[in-house]
Structure formats: C-alpha cells, structure tokens
Amino acid sequence: MAQVTRSPKVYDVCIIGSGAAGGTAAKVLTEGGSNVVMLEAGPALHPETDYKEHVWPYQLPHRGAGVGGKAMADFSEFLAPNGSWDIEGEPYTNAPGSRFRWFRSRIVGGRTNHWGRIALRFAPVDFKSRSTDGMGDDWPITYEDVAPYYDKVESYIGVFGTAENVSSAPNGVFLPPPKPRCTETIIKAACDKIGVTCIPSRLAVITKPLNGRAACHYCGQCGRGCVSASNFSSSQVMLPAAEKTGKFTLVTNAMVREIVVGKDGKAEAVSYIDKPSRSEKKIYAKAFVVGASACESARLLLNSKSSQFPDGLANSSGVVGRYLTDSVGSSGGGFIPRLLKMPAHNHDGVGGMHMYVPWWKYDRKNEFLRGYHIELGGGRNMPGVGEFGPLCEAYEGYGAELKKKCREMYGTFIGFAGRGEMIANEHTYCEIDPNTVDEWGIPVLRFHFQWSDNEIKMAKDMQETFREIVEAAGGTYYDRTSPDGPNPYGIQDGGVIIHELGVVRMGNNPKTSALNGYCQTHDVKNLFVTDAASFVSNPDKNPTLTIMALSWRASEYLLDQAKKGNL
Ligand SMILES: Cc1cc2nc3c(=O)[nH]c(=O)nc-3n(C[C@H](O)[C@H](O)[C@H](O)COP(=O)(O)OP(=O)(O)OC[C@H]3O[C@@H](n4cnc5c(N)ncnc54)[C@H](O)[C@@H]3O)c2cc1C
Ligand code: SF4
C-alpha cells in the first residue's frame with residue numbers, strides 16, 4: 001500500500017514542471033526572495049553526457065537509427081534525451097475519429113531541451129482576435145501588457161534577429177543574426193521576386209557571449225542539446241539562476257498526482273509519486289505555480305477533485321480541457337537544379353533556419369481567417385537519420401553509384417514548413433479518460449481533435465505559396481499532397497506541430513475562463529497556471545517566447561500579491 005509521508009516544511013511557492021514556464025517562474029520568484037520548491041516528473045539532466053551535439057552518426061549503433069529503424073520515429077539519438085511521442089507507462093488515448101499526437105519530455109528542462117528555438121513575439125492583433133474578425137475570443141491582456149516581459153525574456157535568454165517593422169512580427173531586443181546560407185539567399189531572392197516577405201529568423205541562440213554563456217560555435221545541432229548553453233534551455237539558463245539564489249529546491253522523478261485544497265478553499269499541498277520508491281509524498285506551500293505543459297496542467301487540475309471542486313480544481317467554469325488548439329502545419333519541398341553546381345561545403349550555422357517568412361498577407365482579403373509563417377529548411381548540414389531515405393527510393397542502384405548520387409543531390413532541395421493559426425472549435429478538447437490510468441495509477445487524458453474548413457484552406461494556401469517560391473527560384477516543386485484523404489493539402493494531424501495549448505484559458509469572465517490576466521485561477525487565489533494552457537488563441541507564432549513572458553509577468557504579480565497578503 002502507498003505510504004503517505006508528510007513533510008513539515010512549508011515553502012513559499014511550489015512549482016510543478018521545470019520547462020519554459022516552470023523555469024522562468026523559478027528564476028523570477030527566487031530572485032524576488034521566495035523560497036521555492038520545484039517538482040519535476042523526469043530525472044536530472046547532465047548536459048556533458050546527455051547532450052550529443054558533436055557525436056557523429058557513425059559513432060552510434062545502427063548509425064542512430066536503432067534496431068530495425070525504431071529510433072527514427074522520434075529522432076531518439078538525434079535529439080536531446082527523454083523527449084518522445086510515446087512515454088513508456090504514461091499513455092494517452094484518442095476518442096474515435098481523432099488522431100491527436102502528444103510529444104512530451106520527461107527530464108529537467110522539459111521540452112526546452114528539444115525545441116527548435118524559434119522565438120517569435122505575438123503581434124498586437126493576435127491578442128484581439130474577436131474584435132478583428134469576430135471569431136474566437138480576445139485576450140484579457142494586450143500586446144502592451146506583455147511587451148515589457150518580451151523585452152525582459154529576450155534580454156536575458158538572448159534571441160537573434162533584426163528590426164524589420166513588419167506589423168505581424170514585432171521587433172524585439174535582438175542579438176545580431178547569422179548570415180543567410182546559400183540556399184536561403186536563393187529563397188530570399190525568389191521571395192523578393194514574387195512579393196513574399198523574407199527576413200532573418202529569430203531564434204533563442206546567442207551569437208555573442210551573454211551572462212556567462214559562450215556564443216554559438218555554429219555546429220548546427222541545436223536539437224541535440226548544447227553543451228556550451230549557447231542556445232536556450234530552461235535547464236541551463238533559468239534553473240542555474242534560481243539555484244544561485246540559495247532559495248531553490250529541485251525534486252526530480254516526482255510525478256505530481258493532485259493539488260490538495262485545504263478547508264479554506266486554498267491550495268495547500270501537492271501529492272506526488274516519488275518514482276524511485278513508488279511511494280506517495282506531499283509537499284506543502286503557500287502558493288502554487290503549475291507549469292507542467294498545457295495538457296499536463298489541464299490533466300492535473302481535472303484529476304484534483306474534491307468536495308469543494310467536484311469537477312476538478314479551478315474548473316467552476318467547465319473550461320479546463322476545452323479550447324485545445326495546435327498550429328496548422330503543412331510542409332513541402334522543391335528541387336533547385338542550380339544547387340547541383342554548388343561546390344560541396346559545410347553549411348555552418350545555428351541548428352535551424354537563418355531566414356524565415358513572417359505572415360505577409362495581413363493587409364489582404366484571403367480565403368481564410370488569420371495567418372501563417374513559413375520556416376525554411378535545406379542545405380548541407382550534417383545529415384540526420386533517414387535523410388537519404390527518399391533519395392534511395394527514387395534512384396535504383398546501390399553501393400558506389402548510389403553514394404555518388406547522394407553526394408550529388410544532397411543540398412539541392414529546399415524545404416518549407418507552414419505554421420498557421422488554428423481557431424478553437426467545440427469538437428477539439430481533452431478530458432480525463434474514465435477507463436485508463438498510467439503506471440502510477442493516475443487517470444490519463446483522452447483527446448478529441450478536428451480541423452475546421454478554415455485550417456484546410458490555410459494549408460492549401462501554404463502549398464500554393466511553397467510552389468510559387470520554388471518556381472520563382474527556377475526549381476521543381478514536389479507536390480505530395482492532395483485535397484482528399486485524411487490530411488488534405490498535407491495538413492498534419494493535431495499535436496504534431498507540438499504547439500498544443502489553450503486548455504486552461506485566461507479571461508475576464510470567471511464563467512468562461514479559468515484564469516485572470518495574470519494566470520491566477522479565478523477560483524483559488526494562491527494557484528497559478530503559467531504555461532500555454534493559459535493562452536486564449538494560438539497565433540501563427542511558435543508559443544514558447546510568449547509562455548516565458550507570461551510566466552515572468554505572473555511571477556512578478558504573485559510576488560506582489562504575496563507581499564500584500566492577498567494570496
Ligand atoms: C522537437 C520540438 C520542437 C519545438 N520547436 C519549438 C520552437 O521552435 N519554438 C517554440 O516556441 N516552441 C517549440 N516547441 C514547443 C516548446 O518546446 C514548448 O512550447 C515548451 O517547451 C513548453 O514549455 P512548458 O514549460 O509549458 O512545458 P515543457 O517544456 O514540456 O515542460 C513541462 C515539464 O513538466 C514536467 N511535468 C509534466 N507533468 C508533470 C507532473 N504531473 N508532475 C511533475 N512534473 C510534470 C515534464 O516532465 C516537463 O519537464 C518545440 C517542441 C519540440 C518537442
Ligand atoms: S549550433 Fe550553436 S547553439 Fe546550436 S548546439 Fe551548436 S553551438 Fe550550440
């Protein structure tokens with residue numbers, strides 16, 4: 001039988017999850033004087049041994065593909081550790097007809113060990129969707145409320161970019177960007193020809209030393225982690241700042257099962273599974289910050305039922321789990337014959353694009369509402385696992401001939417990934433599956449996901465734009481998409497873009513939202529949810545910079561409210 005051990009200590013704040021949201025809260029709260037305990041379901045991270053940025057494929061068994069190619073599905077060897085589409089012992093389910101996929105990381109720093117480091121601000125209009133086109137809802141806060149926190153986050157973590165005055169992509173506090181690669185120069189020229197805006201990208205990679213971190217040395221392998229901490233991860237940038245204060249306690253392998261509420265209706269403790277001993281323990285605090293990642297945060301609230309909160313904690317509105325969205329994603333690629341003549345050379349750079357296409361048709365009448373941006377790929381980086389698979393399928397032969405062909409063709413393709421705004425719909429949400437628990441006995445999430453016509457039209461537009469750019473560059477577009485089938489115009493299944501959010505949304509009205517504009521729950525004053533669960537909409541921009549800005553803002557508010565005795 002599980003043993004319940006009571007810890008006598010009461011912390012000022014207990015944070016659940018150590019990713020972008022939790023890490024930011026830990027830094028701000030400890031630097032503000034709070035005694036903080038953080039519970040993280042995954043193990044500790046050791047960058048020197050866990051990150052593999054400089055390991056060559058030939059140093060790995062099966063060149064990193066795993067037995068029978070098993071590791072290819074979730075990048076395994078070519079990604080920082082413990083991030084996967086499937087976590088052993090921790091399933092989730094899909095309702096009939098739904099194909100939602102959920103990438104989770106179980107390690108200190110969460111998915112900030114794995115992310116693409118694309119760090120884009122939302123634009124003023126992104127906070128005002130309903131006022132703009134009548135769909136969805138406005139946020140209870142404006143761009144002006146968040147802008148000072150974007151400044152703080154960018155200044156602290158380091159984001160490169162350029163001030164371009166594009167209204168859909170606000171300027172930020174930027175480090176100098178790296179130069180475009182040869183393929184990106186070709187794309188930029190093609191975009192200029194057809195009136196598509198193409199500008200230096202904005203990534204959380206430091207191109208100059210910052211706060212004791214070394215500048216990027218352009219190995220191009222960010223997704224595998226960065227031993228020199230030149231790219232951003234919560235584990236290497238936020239948590240060390242918290243540790244430095246001497247006010248931070250990190251408990252790893254601690255899977256929080258429930259937030260426990262006292263007789264006064266305030267949260268008083270969390271109950272968690274200590275994974276190594278498989279025993280249940282409790283930690284007490286005066287305030288709680290949930291940053292377990294959007295859907296995990298919703299799951300935790302829904303599983304925290306009590307007589308006072310029979311439908312789940314902070315869920316008197318019934319919105320917890322609702323308004324789930326992911327980015328609209330559709331990809332494409334083209335062959336550029338003139339790249340065949342490009343002398344073989346190393347495409348040194350950051351582990352990601354140096355140029356991108358922000359949403360550029362904001363002043364036009366499109367067939368769909370909202371917008372998308374385009375992420376660019378291609379060039380001669382170190383090939384990843386399975387990179388030559390399609391080429392080997394397209395050309396007959398093997399041995400020296402096939403290798404020659406691979407060398408000739410490698411780097412002649414350019415790739416595009418559209419990332420667009422999904423508008424929340426009533427058919428898309430998550431809930432507790434009444435029939436399934438994880439290996440710790442905690443009920444799991446069941447997903448319902450459906451794209452609407454607006455998103456399909458957006459994916460179509462993405463495909464048309466990719467083709468136009470490739471053709472303007474003198475290339476051939478490879479159209480592998482069709483308007484029919486389960487993924488019209490190549491629209492990815494829900495969750496695949498890993499920008500799932502909105503399931504504990506903020507708002508002014510406690511009847512239609514769970515949080516106020518400071519990520520504080522309407523129902524429980526000492527409980528905050530500071531990850532992307534709080535978002536009201538899912539603009540085309542990748543969410544993590546905004547998660548950090550909101551978590552920073554919420555943490556400052558928490559400090560202020562605690563000081564005033566309001567929690
Ligand atoms: C491959 C990849 C590429 C991406 N690229 C980008 C990008 O370029 N730009 C961008 O903006 N975003 C990107 N993302 C998304 C980005 O990683 C997330 O938005 C961000 O990490 C979310 O931060 P978070 O703090 O909410 O959650 P996470 O970073 O996921 O951290 C949550 C942490 O909470 C822990 N946890 C969960 N449940 C519990 C529990 N019950 N008890 C205790 N601990 C718990 C988890 O183990 C985890 O460590 C990408 C993600 C992936 C995987
Ligand atoms: S490209 Fe730069 S930031 Fe990325 S892993 Fe290499 S050194 Fe680190």
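The values are calculated or read from the model by the stated rules, or taken from the named source; none is laboratory data. No experiment lies behind these values; they were computed from the predicted model shown. Neighbour counts are summed over all protein chains in view; Cβ atoms, including those assigned to glycine, are modelled from backbone coordinates with ideal geometry.
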Within the bounds of region 272-284, is there any residue that is in contact (Cβ under 8 Å) with a residue 60 or more places away in the chain, within 22 Å of Leu558 (Cα to Cα) and either within 16 Å of ligand 2 (Cβ to nearest atom) or not basic (Lys, Arg) (or both)? yes
Result of the Cβ filter at 6 Å on region 493-510, keeping first residues that are in contact (Cβ under 8 Å) with a residue 24 or more places away in the chain and partners that are crowded, with 23+ Cβ neighbours inside 10 Å and charged (D, E, K, R), at least 6 apart or interchain, is Gly494/Asp326; Gly495/Asp326; Ile497/Asp326; His499/Asp326; Glu500/Asp326
Taking region 206-222 as the region of interest, how many residues are within 16 Å of ligand 1 (Cβ to nearest atom) and farther than 22 Å from Ala26 by Cβ? 4
Mind telling me which of the residues Phe122, Phe78, Phe100 ends up being crowded, with 21+ Cβ neighbours inside 10 Å and at pLDDT below 95? Phe78
When region 104-153 is checked residue by residue, the ones that are out of contact with any strand residue (DSSP E or B) (no Cβ under 7 Å at 6 or more places or on another chain), within 16 Å of ligand 2 (Cβ to nearest atom) and more than 19 Å from Thr325 (Cα to Cα) are Gly109, Thr112, Gly116
Among the residues of region 326-364, count how many are part of a loop (DSSP other than H, G, I, E, B) and not hydrophobic (A, V, I, L, M, F, W, C). 15
Considering residues that are surrounded by 15 or more Cβ atoms within 10 Å (Cβ to Cβ) and basic (Lys, Arg), the number found within region 151-180 is 1
Arg63 fails exactly one of (1) surrounded by fewer than 18 Cβ atoms within 10 Å (Cβ to Cβ); (2) basic (Lys, Arg); (3) modelled with pLDDT of 85 or more, namely (3)
Of the numbered conditions (1) part of a loop (DSSP other than H, G, I, E, B); (2) touching a helix residue (DSSP H, G or I) at 6+ places or on another chain (Cβ under 8 Å), Phe309 fails exactly one; give the number of that condition. (2)
Taking region 136-150 on its own, how many of its residues are among the small types (Gly, Ala, Ser), more than 24 Å from Met422 (Cβ to Cβ) and surrounded by 17 or more Cβ atoms within 10 Å (Cβ to Cβ)? 0
Exactly one of these conditions fails for Glu258: (1) outside any strand (DSSP E or B); (2) away from ligand 2 (no atom under 16 Å from the Cβ). Give me its number. (1)
Can you tell me which of Gly517, Gly485, Gly494 is in contact with a Leu (Cβ under 9 Å, 6 or more places away or on another chain), of a type in the set (Gly, Ala, Ser) and assigned to a loop (DSSP other than H, G, I, E, B)? Gly494
Restricting region 313-350 to residues that are within 16 Å of ligand 2 (Cβ to nearest atom) and surrounded by fewer than 22 Cβ atoms within 10 Å (Cβ to Cβ), which is modelled with the lowest pLDDT? Asn346
Among Glu375, Glu367, Glu408, Glu396, the single one that is part of a helix (DSSP H, G or I) and either exposed (fewer than 14 other Cβ atoms within 10 Å of the Cβ) or touching a Phe, Trp or Tyr at 6+ places or on another chain (Cβ under 7 Å) (or both) is Glu408
Being under 21 Å from Glu421 (Cβ atoms) and more than 16 Å from ligand 1 (Cβ to nearest atom) narrows Ser513, Ser482 down to just Ser513
Only one of (1) more than 16 Å from ligand 1 (Cβ to nearest atom); (2) at pLDDT 95 or above; (3) aliphatic (A, V, I, L, M); (4) not in a loop (DSSP other than H, G, I, E, B) fails for Leu300. Which number is that? (1)
Looking across region 222-236 at residues that are more than 6 Å from ligand 2 (Cβ to nearest atom) and of a type outside the set (Gly, Ala, Ser), the single one that is surrounded by the most Cβ atoms within 10 Å (Cβ to Cβ) is Phe232
Could you run through region 303-340 and say how many residues are within 16 Å of ligand 1 (Cβ to nearest atom) and closer than 30 Å to Phe413 by Cβ? 5
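Identify all residues within region 468-483 that are within 20 Å of Met458 (Cβ to Cβ) and touching a Pro at 6+ places or on another chain (Cβ under 9 Å); write none if there are none.
Initial filter on region 468-483 (within 20 Å of Met458 (Cβ to Cβ)): 468-470, 477, 479-483.
Residues satisfying the conditions are Thr481, Ser482.
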With the first residue restricted to region 477-488 and required to be at pLDDT below 90, and the second required to be assigned to a loop (DSSP other than H, G, I, E, B) and of a type outside the set (Lys, Arg), Cβ contacts under 9 Å at 6 or more apart or on different chains are Thr481/Asn487; Thr481/Ile491
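Return the residues of region 45-63 that are closer than 30 Å to Val251 by Cβ and either in contact with a Pro (Cβ under 9 Å, 6 or more places away or on another chain) or not in a helix (DSSP H, G or I) (or both); say none if nothing qualifies.
Once the filter is applied, which keeps residues that are closer than 30 Å to Val251 by Cβ and either in contact with a Pro (Cβ under 9 Å, 6 or more places away or on another chain) or not in a helix (DSSP H, G or I) (or both), region 45-63 yields Leu45, His46, Asp50, Tyr51, Lys52, Glu53.
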Out of Ile186, Ile141, I need the residue that is of a type in the set (A, V, I, L, M, F, W, C), more than 15 Å from ligand 1 (Cβ to nearest atom) and part of a helix (DSSP H, G or I). Which one? Ile186
Filter pass, Ala254 being more than 20 Å from Asp433 (Cα to Cα), touching a strand residue (DSSP E or B) at 6+ places or on another chain (Cβ under 7 Å) and not charged (D, E, K, R): yes
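Tell me the residue from Gly225, Gly262, Gly246, Gly291 that is free of Cβ contacts under 8 Å to residues at least 12 places away in the same chain and either within 16 Å of ligand 1 (Cβ to nearest atom) or closer than 22 Å to Leu45 by Cα (or both), please.
Gly246
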Selection within region 378-391 - surrounded by fewer than 15 Cβ atoms within 10 Å (Cβ to Cβ) and not in a loop (DSSP other than H, G, I, E, B): Gly389, Pro390
